[in-house]
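One structure below.
The values are calculated or read from the model by the stated rules, or taken from the named source; none is laboratory data. Just so we're clear, the structure is a prediction, and the values are computed from it rather than from any experiment. Please note: Cβ atoms are built from the backbone with ideal geometry, for glycine as well, and neighbour counts cover all protein chains shown. The accessibility values were calculated without ligands, DNA or RNA, using every heavy atom of the protein model including side chains. Shrake-Rupley method; radii C 1.70, N 1.55, O 1.52, S 1.80 Å.
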Amino acid sequence: MSSTILLPLLFLSLLLYSAVSAVASPLRPKFYSGSCPQAEQIVRDVMKKAMERETRSVASVMRLQFHDCFVNGCDGSLLLDDTPNMLGEKLALSNIDSLRSYEVVDEIKEALEKACPGVVSCADIVVMASRDAVALSGGPKWEVKLGRVDSLTASQEASNEIMPSPRSNATYLIDLFNRFNLSVKDLVALSGSHSIGKARCFSIVFRLYNQSGTGRPDPTIEPSFREKLDKLCPRGGDESVVGALDATPVIFDNQYFKDLVKGRGFLNSDQTLFTFPQTREYVKMFSLNQSAFFDAFVVGMIKMGDLQSGRPGEVRRNCRVVNKRPGEALIDVDR
């Protein structure tokens, strides 16, 4: 995620991977207007059908952009299945038993391959589908920049090093976003993606019963909300049970921020945005002004979409596998 497409982005120093750069590809709106003019409509139509089948699926698809773009840029690497020589990102700590709805991307890809074979990248599908997930849920609409190529490899190690935990505090999140030239305002606005969707009890049991190793609940949780969460996620209960991330989990609105002000954030990484002074003012602002939230969210999503690794890529014909040619071996990153 970048505040200017002219400056290189500093990646995590622990990783031996190429720095993310926002100028690696000539991204632009209407990239497929000549080669596949119906591309965006096809994506939108498949997303509508997915939403009709299961409302939650659109929130799940939107999350894919965050988890893809933060790891070596928006390159579709998240979608790659493991191979004998490569550990992909699907089983990374922040993704396993968490990310879902990969099949929706597969459906979109299949429809696009029928209309325009070998033209639209999986990386662009994720960005278009994420935008449509927001719009279909009542959120803002915006024009996405397109023209990405798909990664030839994936890295579970990189995902483990980068993606934040539900336990993360605001200080950690600010530092992480800053590494991608994303501001505090961007952090808070993009956290508003939790306006739709659900998360597992696994992500919050520590808040309910052992916050910071105290053996006690997180004191920032509003008491009646904590009682509700205790019933949903009892000590020793099924941690795969899911709860809504805000009070209106199928509508993209500013209720998420209103809930944070009341101490009703589901995740620790959500509520910390209100308890930390540097982020609190943006939470308050967005809770009172939905238009301001929508505007800031769009800015953040576009900046995040600009993240690219600059590595060689291709347009994959199947989002789960590299277009392996006879005699070639897949690039080996994690063995």
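The figures follow:
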{"quantity": "In order through the range 149-157: 3J(HN,Hα) via Karplus (6.51 cos²θ - 1.76 cosθ + 1.60), integer Hz, x for Gly, Pro", "calculated": "10, 8, 5, 8, 7, 9, 9, 5, 4"}
{"quantity": "Computed helical MRE - 222 nm, the chain, DSSP H runs ≥ 4 contributing -39500 (n - 2.57), nearest 500", "calculated": "-12500 deg cm²/dmol"}
{"quantity": "Fraction of accessible area attributable to carbon and sulfur, the chain (%, probe 1.4 Å)", "calculated": "54 percent"}
{"quantity": "Two-site FRET efficiency, ALA292 against ASP175, from Cβ-Cβ distance with R₀ of 22 Å, rounded to 0.05", "calculated": "0.35"}
{"quantity": "Over the range 258-318, relative contact order from alpha-carbon pairs under 8 Å, at least 6 apart, %", "calculated": "21 percent"}
{"quantity": "In order through the range 197-209: 3J(HN,Hα) via Karplus (6.51 cos²θ - 1.76 cosθ + 1.60), integer Hz, x for Gly, Pro", "calculated": "x, 9, 9, 7, 4, 3, 6, 10, 4, 5, 5, 7, 10"}
{"quantity": "Which label in (1) 44; (2) 36; (3) 63 gives the computed percent of Cα pairs over 29 Å apart", "calculated": "(2)"}
{"quantity": "Candidates LYS48, LYS145, LYS228, ranked by Gaussian network fluctuation over the chain, Cα under 10 Å, top entry", "calculated": "LYS228"}
{"quantity": "Debye equation applied to the C-alpha atoms of the range 179-284, log10 I(q)/I(0) at 0.18, 0.23, 0.24 Å⁻¹", "calculated": "-0.86, -1.27, -1.34"}
{"quantity": "Heavy-atom surface of the chain, accessible at 1.4 Å and reported per residue (Å²)", "calculated": "43 Å²"}
{"quantity": "Greater than 22 Å apart at Cα, pairs in LYS49/LYS114; LYS185/LYS262; LYS48/LYS284", "calculated": "LYS48/LYS284"}
{"quantity": "Fluctuation leader among GLY243, GLY213, GLY76 - the chain, Gaussian network, Cα springs under 10 angstrom", "calculated": "GLY213"}
{"quantity": "Distribution of pairwise C-alpha distances over the range 31-141, 10 Å bins, in %", "calculated": "14, 46, 33, 6, 0"}
{"quantity": "Length gained when the stretch GLU110-SER224 is fully extended (0.36 nm per residue, less Cα-Cα span)", "calculated": "36.4 nm"}
{"quantity": "Range of Cα positions in the range 223-298 per principal axis (Å), largest first", "calculated": "41, 27, 19"}
{"quantity": "Percent of Cα-Cα distances greater than 20 Å, calculated over the range 63-118", "calculated": "30 percent"}
{"quantity": "Cysteines in the chain that, by Cβ-Cβ distance, have no pairing candidate under 4.7 Å", "calculated": "none"}
{"quantity": "ASN323 paired with ARG28, simple spin-label distance in nm, labels 7 Å along Cα-to-beta-carbon", "calculated": "2.2 nm"}
{"quantity": "Amide hydrogen neighbours beyond the local backbone of ARG148, cut-off 5 Å, H modeled", "calculated": "ASP124"}
{"quantity": "q = 0.12, 0.17, 0.27 Å⁻¹: log10 I(q)/I(0) that the Debye formula gives for the range 33-83, counting C-alpha atoms only", "calculated": "-0.37, -0.71, -0.98"}
{"quantity": "Value of relative contact order over the range 115-215, rounded to a whole percent, pairs C-alpha under 8 Å and six or more apart", "calculated": "19 percent"}
